[in-house]
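K.L.:
Below is a structure I'd like to ask you about.
Only the coordinates and a few stated rules stand behind these numbers; no lab work does. As the structure is a computational prediction, the values presented were derived from the model and not from experiment. Note that we place each Cβ from the backbone using ideal geometry, even for glycine, and neighbour counts take in every protein chain shown.
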Amino acid sequence: MPNFKDISSFSEWAGDDKDQFALAVVKGLIMDTVRNADSGHTGGPMSSADFAYILFAEYLNFDPKNSEWFKRDRFVLSAGHESALLYVLLTLIGWLNIDDLRRFRQLHSKTPGHPEVELNGVEATTGPLGQGVGMGIGMAVAESKLSAMFTHHIEKADDLIGHFNYILASDGDLQEPVSMGAAALAGHWGLSRVIIFYDSNKAQISGNTQRSDSADYGTIFEGYGWHVQRIKGHDHKQIRSAIEKAQVVNRPSIIIGETTMAYGTAEMEGDHETHGAPLPQEEIDATKQKLGLPNEKFYLPAEVINYFQHRFDLLRNKVKALDKNVETARLNKDVDKLWRLCIADELPELELPEFEKSTVLATRKAFGATLDFFATQLPNLIGGSADLEPSNYTGNFAANYGDFLKDNRSGRNLAFGVREFPMAAIMNGIALHGGLIPFGGTFLVFADYERPALRLAAIQH
């Protein structure tokens, strides 16, 4: 493969050579970013880099000028400790810069140790493993439900709303039970636009995953009703093929990529100690030499930026065409009204329920009455109970508006079953997506099961 010394002829290189060199630059930036902070995670970002690079460079739909464009594909880094990888990719897009990478993990920087939703290009605050899977699935619920709502008024609602929801998950993400509960619901609901890449590098902080985990996740996800593919996670042809197959199936999809921790390093491939630490400087120097990079910190040549951005004109033209579709569709008064409510977030003046001061009423009964009162005014109110409909008075909502089902998206009730934590994580994803107002019902004592997701809800406002 050509190296940095041949960069002047970059435009003449074969496509695979360009990709491999761009990836080498990405890995060099990951190593420098974590080393400069003297803290962070190196091994995981390098094992996930092939998939993430191919996804961002070739498949992810977004507006390069507007990270909040509503019809964008959502990408959730559930493996939030791999933040250095995401920040490098956002730098290639142009939403961050090299100075931001230099300030990784510094107070008030744009590059905190784990991704935070306030930043351009970050769809969810992640770090507590497993919750990103639930939030990504919640985003898929929102996309599917909103598409169904607009379908009542326009034939091609997908042109207004439809998008994919990609999740990058690690071994630790799948070990956390919240991801399994959310995945079971995704399969039950048949959410065909959620795609997980499982970076199965089999190494974590304390050692090899086989010390604590012998689960066959492919078989588990098949049991949940998912489309499952097993690939070599560093093979670009297999990655492309897997993404394209996942995009056309009628159920959620997981791509299980067999990868190697710290892939591409000189001497530390597969070493679990690279998981949560910067590489030694001598290992970084040797790895850069192996990858064909100069011994230069934060090396990012213009040729690589331009190559990564080669489809930006196509993306911008797509955005213009889709925005024109929205403009045309909103000439329909019903579509415009729904768009204002859901997408523009223009809520109507709400009437509030009234209760007699002398009335003795259990709070759960008051909640149920209030829910019913608001539900008639807000067609974008969606949610459900963790199998407590009769007890927390969400049963009327379920009876009046029906269940959200695989073959019937008109329902507004989400039957979560006894899954408090997944319920809360999914609700966070629905809220982050935008367009719908989620609610969830349980008893306060069971809310302890939800506490980590409630914390993330508070952090994400």
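K.L.:
Using the Cα centre as the reference, give the magnitude of the dipole from point charges on the C-beta atoms of the chain (Lys, Arg: +1; Asp, Glu: -1; all else neutral), rounded to the nearest 20 debye.
P.N.:
Dipole about the Cα centre, nearest 20: 700 debye.
K.L.:
In whole Hz, what ³J(HN,Hα) sequence does segment 71-80 give by Karplus (6.51, -1.76, 1.60; θ = phi - 60°), x for Gly and Pro?
P.N.:
8, 5, 5, 9, 10, 10, 8, 4, 7, x
K.L.:
Suppose we look only past 36 Å in the calculated P(r) of the chain. What percent of the Cα-Cα pairs does that tail hold? Numbers along the way, then the final one.
P.N.:
On the way: 31755 of 106030 pairs.
The proportion of pairs with Cα distances above 36 Å equals 30 percent.
K.L.:
Also, quick follow-up: Nearest 0.05, what FRET efficiency do Lys357 and Ser391 give at R0 = 30 Å with Cβ-Cβ as r?
P.N.:
Numbers: r = 26 Å, r/R0 = 0.87.
FRET efficiency, Lys357 to Ser391: 0.70.
K.L.:
Cα centroid distance between segment 268-293 and segment 417-461, in Å?
P.N.:
Comparing the Cα centres of segment 268-293 and segment 417-461, I get a distance of 39 Å.
K.L.:
With a 10 Å radius around each residue's Cβ, average the other Cβ atoms per peptide and rank 256-265, 205-214, highest first. Mind showing how you got there, number by number?
P.N.:
Numbers: 256-265: 22.8, 205-214: 12.0.
Final packing ranking: 256-265, 205-214.
K.L.:
I've got another one for you. Would you mind telling me the antiparallel percentage of the DSSP bridges in segment 4-312, rounded to 5?
P.N.:
Antiparallel bridges make up about 10 percent of those DSSP assigns within segment 4-312.
K.L.:
In what order do Met135, Met423 fall by count of nearby beta-carbon atoms within 10 Å, going from fewest to most?
P.N.:
On the way: Met135 34, Met423 31.
Listed from fewest to most nearby Cβ atoms, that is Met423, Met135.
K.L.:
May I ask for the distance between the Cα centers of segment 314-363 and segment 1-47, given as a whole number of Å?
P.N.:
Centre-to-centre (Cα) distance: 44 Å.
K.L.:
Enter the angle in degrees (range 0 to 90, nearest 10) between the Cα long axis of helix 15-37 and the first principal axis of the Cα atoms of the chain, meaning the one along which they spread out most.
P.N.:
80 degrees
K.L.:
Going by how many other beta carbons lie within 10 Å of each one, how would you line up Tyr59, Tyr217, fewest first? Numbers along the way, then the final one.
P.N.:
On the way: Tyr59 17, Tyr217 22.
Starting with the residue having the fewest Cβ neighbours, the order is Tyr59, Tyr217.
K.L.:
Using DSSP to define loop residues, name the GluC sites (Glu not before Pro) in segment 327-418 whose beta-carbon has at most 16 other beta-carbon atoms within 10 Å.
P.N.:
Details: sites: Glu327, Glu346, Glu349, Glu351, Glu354, Glu356; in loops: Glu346, Glu349, Glu351, Glu354, Glu356.
Listed in order of number, the matching sites are Glu346, Glu349, Glu351, Glu354, Glu356.
K.L.:
If you don't mind, there's one more thing I want to ask. Short version: ³J(HN,Hα) in whole Hz for each residue of segment 447-461, in order, from phi by Karplus 6.51 cos²θ - 1.76 cosθ + 1.60 (θ = phi - 60°), x for Gly and Pro, what are they?
P.N.:
Going residue by residue, I get 5, 4, 5, 8, 3, x, 6, 5, 4, 5, 4, 5, 4, 8, 6 Hz, with x marking Gly and Pro.
K.L.:
In deg cm²/dmol and to the nearest 500, what is the mean residue ellipticity at 222 nm of the chain if only DSSP H runs of at least 4 residues count, each as -39500 (n - 2.57), divided by the residue total?
P.N.:
Numbers: 19 runs with 205 residues, N = 461.
Mean residue ellipticity, 222 nm, calculated: -13500 deg cm²/dmol.
K.L.:
Dipole of the chain (Lys/Arg Cβ +1, Asp/Glu Cβ -1, origin at the Cα centre): which of Phe150, Ile195, His227 lies farthest to the positive side?
P.N.:
Phe150
K.L.:
Sorted by average packing, counted as other Cβ atoms within 10 angstrom per residue and highest first, what order do 24-37, 432-445 take?
P.N.:
Details: 24-37: 24.7, 432-445: 18.6.
Output ranking for 24-37, 432-445: 24-37, 432-445.
K.L.:
Same structure again: With charges set only on the Cβ (+1 for Lys and Arg, -1 for Asp and Glu), what does the dipole of segment 363-459 come to about its Cα centre, in debye to the nearest 20?
P.N.:
Values: 8 positive and 8 negative charges, 31 e Å.
It works out to roughly 140 debye.
K.L.:
Using unit Cβ charges (K, R positive; D, E negative) and no other charged atoms, how large, in debye to the nearest 20, is the dipole of segment 190-319 about its Cα centre? Walk me through the numbers before you get to the answer.
P.N.:
On the way: 15 positive and 17 negative charges, 170 e Å.
For segment 190-319, the charge dipole is close to 820 debye.
K.L.:
Taking the alpha-carbon centroid of each part, what is the distance from segment 102-168 to segment 238-252 in angstrom?
P.N.:
Here the answer is 19 Å between Cα centres.
K.L.:
Something else now. Which angle between 0 and 90 degrees, to the nearest 10, do you get for helix 363-375 versus the longest principal axis of the chain when only C-alpha atoms count?
P.N.:
It is inclined by approximately 80 degrees.
K.L.:
Can you list the lysines whose alpha carbon sits under 27 Å from that of Lys27, skipping same-chain ones fewer than 8 residues off?
P.N.:
The reachable lysines, counting only those whose Cα sits under 27 Å from Lys27, are Lys5, Lys18, Lys65, Lys110, Lys202, Lys232, Lys237, Lys288, Lys290, Lys297.
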